[in-house]
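Remarks on the structure that follows.
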Amino acid sequence: MFQVRIHGRGGQGVVTAAEMLSIAAFLEGKDAQAFPSFGSERMGAPVVAFCRISEREIRSREPISNPDAIIIQDRTVIEPACAFDGIVDNGFVLINSPADVETNLSNARVKCIGATEIALEQVGRPIPNAVLLGSFAALTGVIKIDSVIKAINTKFSGKIAEKNVKAAQVAYERTLGEM
Amino acid sequence: MLYQLEGSQAVARAIALCRPEVVCAYPITPQTHIVEGVGELVRSGQLGNCQYLNVESEMAAISVAIGSEAAGVRSYTATSSQGLLYMMEAVYNASGLELPIVMTLGNRAIGSPLNIWNDHADAMSARDAGWLMLFAENNQEAADLHIQAFKIAETLRLPVMVCMDGFILTHAYEKVDLPEQSEVDEFLPPYKPEFSLDPENPCAIGAMVSPNDFMEVRYMAHRRQLEACAVIDKIGTEFSAKFKRNTGGLLRTYHTENAETVVVAMGSVLGTIKDTVDDMNQTNGNGKYGVLSLVSYRPFPDNEIREALKNAKRVIVVEKAFALGRGGILAREVELALKGLDIEIVTVIAGLGGRVITKSMLAEVFRQPKGNLVFLGLKEDAIRQEYKTVLNKGGA
């Protein structure tokens, strides 16, 4: 079982990111479960969403307290949301930030990427979710970039889908290049 | 075919496969995505001549369903929480008039205080309304139970409420296998009511019944509830034979053979309970644990529950609602089913108003329940503090 927790703010597509991640895993024949931290999805409010990926049937529905990976869509929620709590040893932390962020995590694989900047450049909107999933595919290897692209195309259509796919690919290549 | 879908969309598509001709609803969190999904399918022409009525209240939603069903048309609605309470007068009418409406209840707490999150207080408020009530454990079950619900309802001429946990299921993405239209058509033939309101052949329904006959009418309704157990079981078996999934029936057991302790629950918490029990059974010294998933709450399958639990030493009922001042509701019904057997019964009230239920919380209470009525994760410090404040204000 691979467990992912995504932190951000309402309006940044945090819940959609978890849903797309679950679709990507499903397309690879895995069991996947995505759900939001219910009811708090107001514009600008801190939001958490969860995704479990497994080769076996997923039954448990408790929130994820020991994630294998954490995605931070908005670094201003790190402290108030205690966003790094419970990360497993050698887990992945992917932060939306153009500059390095001091995490005090000694035993995690931390990666920062300016996802909002890439989104603005490629999509023209500051929604970093698809970009971060591209980077996530490169960083963790848990899902393939092709599955991420298919998942983006399931959720979006037309120009928006096209641009988000491009943005995810850019992030994927950049992350691979920096590893 | 397999899809990765939000629970609400899975249910919307399952409803569409059942070809209702009238869908009427008023949106309320967390049911909204379901009726939006059905509305979308109606608008895009995928439901043929289905009429979607966006009514002005829940009272109107159930009333429209009653009217259309009385006119002989397969009808569907959905609601949650206060929405169900607002419907309640007509909810009783629907069953009294023997109208096989299917309704989804996206389970949510009841205010006040206002709370939009999940528990089963809404469902419990309708437990004596004469509806059949089925609870889904996951989104596959939620979809499948709706397909079975229409068949059960129309076989028995009774309305069926399919309960699915708000947010936890309605808003969760998971894998759902949706059948083909042709398969559902074979399973669920077009609705042919025995009688219906028709201007060509005028008749009346819902006439006043005097003290001379009212008791008999109620007794017959009681009898039909009891007979419903066999019908739900039969249709569940039929469904699993056709679709190769055991997602219906009255109840399901999990490792209950030789279990000293059996946990009984309804709805989405069962997945977390099963994982907890698996972990505990792998650790020596915990005794043996099993799980009973109750699918049919109304009718309440007394005999089947008694048979499944008769060898247990202890039964722990985890429920997401309770009667203020009294304790467990489901637990009392389980207790009645086990009357005369030497089995200890523990009530665990959990997850009220969306309170998180974790495996570690469950494991702790399953291992050593503190008393016969436990409020899982209750913040006792906060309650002590609150009492102190109230006493101080009162000048004590």
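Close amide H partners of B:Val264, meaning residues 5 or more places away or on another chain with modelled amide H under 5 Å apart, are B:Leu292, B:Ile316, B:Val317, B:Val318. Straight-distance candidates among the aspartates and glutamates for linking to B:Lys242, with alpha-carbon spacing under 17 Å and chain neighbours fewer than 8 residues away dropped: B:Glu141, B:Asp144, B:Asp177, B:Glu180, B:Glu183, B:Asp185, B:Glu186, B:Asp233.
For the stretch A:68-172, the ratio of Cα radius of gyration to the globular rule of thumb 2.2 N^0.38 Å stands at 1.06.
Close amide-amide hydrogen proximity is noted between B:Leu373 and B:Thr347, each under 5 Å apart and 5 or more residues distant or on a separate chain (H modeled in the peptide plane; Pro and chain starts excluded).
Calculated FRET efficiency, B:Glu89 to A:Arg56, Cβ-Cβ distance, R0 = 60 Å: about 0.80 to the nearest 0.05. Evaluated at q = 0.14, 0.20 Å⁻¹, a Debye calculation over the C-alpha positions of the stretch B:251-381 (equal weights, vacuum) places log10 I(q)/I(0) at -0.55, -1.20. Spin-label model, B:Ala221/B:Ala382: points 7 Å from Cα along the beta carbon direction are separated by 3.9 nm. Basic side chains Lys and Arg get +1 at the Cβ, acidic Asp and Glu get -1 at the Cβ, and with that the dipole of chain A about its Cα centre reaches some 480 debye. Each residue of the stretch B:314-319 was assigned a 3J(HN,Hα) from its phi angle through the Karplus curve 6.51 cos²θ - 1.76 cosθ + 1.60 (θ = phi - 60°); the sequence is 9, 10, 10, 9, 9, 9 Hz, with glycine and proline shown as x.
Annotation for the stretch B:302-351: trypsin sites (Lys or Arg not before Pro) lying in DSSP loop with at most 14 further Cβ atoms inside 10 Å of their Cβ are B:Lys310, B:Lys313, B:Arg326, B:Lys339. Remark: the stretch B:251-381 carries a charge dipole of roughly 200 debye about the Cα centre, counting +1 on each Lys and Arg Cβ and -1 on each Asp and Glu Cβ.
With a cut-off of 14 Å between beta carbons, the residues surrounding A:Asp100 carry a summed charge of +1, where Lys and Arg count +1 and Asp and Glu -1. You can think of it this way: the chain between B:Arg367 and B:Thr389 has 4.5 nm of extra reach, that is 0.36 nm per residue less the Cα-Cα gap.
Treating r as the C-beta distance of B:Phe214 and B:Ala71 and R0 as 35 Å, the FRET efficiency rounds to 0.85.
Sorting B:Met208, B:Met124 on the 10 Å Cβ count, fewest up front, what's the list? Mind showing how you got there, number by number?
Details: B:Met208 5, B:Met124 20.
Least to most surrounded, the residues fall as B:Met208, B:Met124.
Computed per residue of chain A from DSSP H runs no shorter than four, each worth -39500 (n - 2.57), the mean residue ellipticity at 222 nm is -11500 deg cm²/dmol.
For the stretch A:4-51, trypsin sites (Lys or Arg not before Pro) are listed when DSSP marks them as loop and at most 16 other Cβ atoms sit within 10 Å of their Cβ; the list is A:Arg42.
Return a whole-number percent for the relative contact order of chain A, with Cα pairs under 8 Å and 6 or more residues apart as the contact set.
With pairs under 8 Å counted, the relative contact order is 21 percent.
Phi angles across the stretch A:136-151 convert, under the Karplus curve 6.51 cos²θ - 1.76 cosθ + 1.60 with θ = phi - 60°, into 3J(HN,Hα) values of 4, 4, 6, 5, 9, x, 6, 10, 8, 4, 4, 5, 4, 4, 5, 5 Hz, Gly and Pro given as x. Sites counted here are GluC sites (Glu not before Pro) in a DSSP loop (not H, G, I, E or B) having no more than 14 other Cβ atoms within 10 Å; the longest part of chain B that contains none of them is B:261-396. When the Cα positions of A:Leu176, A:Asn107, A:Pro36 are compared along the charge dipole of chain A, A:Pro36 comes out farthest toward the positive end, with charges on each C-beta of Lys, Arg, Asp and Glu. Taking amide hydrogens as placed 1.01 Å from N in the peptide plane, the amide H of A:Arg61 sits under 5 Å from those of B:Thr272, each at least 5 positions away in sequence or on another chain.
Placing one equal scatterer on every Cα of the protein assembly as shown and applying the Debye formula, the log10 ratio I(q)/I(0) at q = 0.12 Å⁻¹ is -1.21. Counting only Cβ charges, +1 for Lys and Arg and -1 for Asp and Glu, the dipole size of the stretch B:226-305 around its Cα centre is about 320 debye. Given a Förster distance of 22 Å, report the FRET efficiency between B:Ser44 and B:Thr155 from their Cβ-Cβ distance, rounded to the nearest 0.05. Taking R0 as 22 Å, the efficiency between B:Ser44 and B:Thr155 is 0.10.
In order along the stretch A:28-37, the Karplus-derived 3J(HN,Hα) couplings, from 6.51 cos²θ - 1.76 cosθ + 1.60 at θ = phi - 60°, round to 8, x, 9, 7, 8, 9, 10, 7, x, 7 Hz, and Gly and Pro are given as x. Between A:Glu102 and A:Asp89, residue separation times 0.36 nm minus the direct Cα-Cα distance comes to 2.9 nm.
As a size descriptor, the averaged projected area of the C-alpha convex hull of chain B was calculated at 23.0 nm².
Where a number appears in this text, it was derived from the coordinates with a stated rule and is not lab data. All of these numbers come straight from a predicted model, not from anything done at the bench. All Cβ positions, glycine included, derive from the backbone under ideal geometry; neighbour counts span all protein chains shown.
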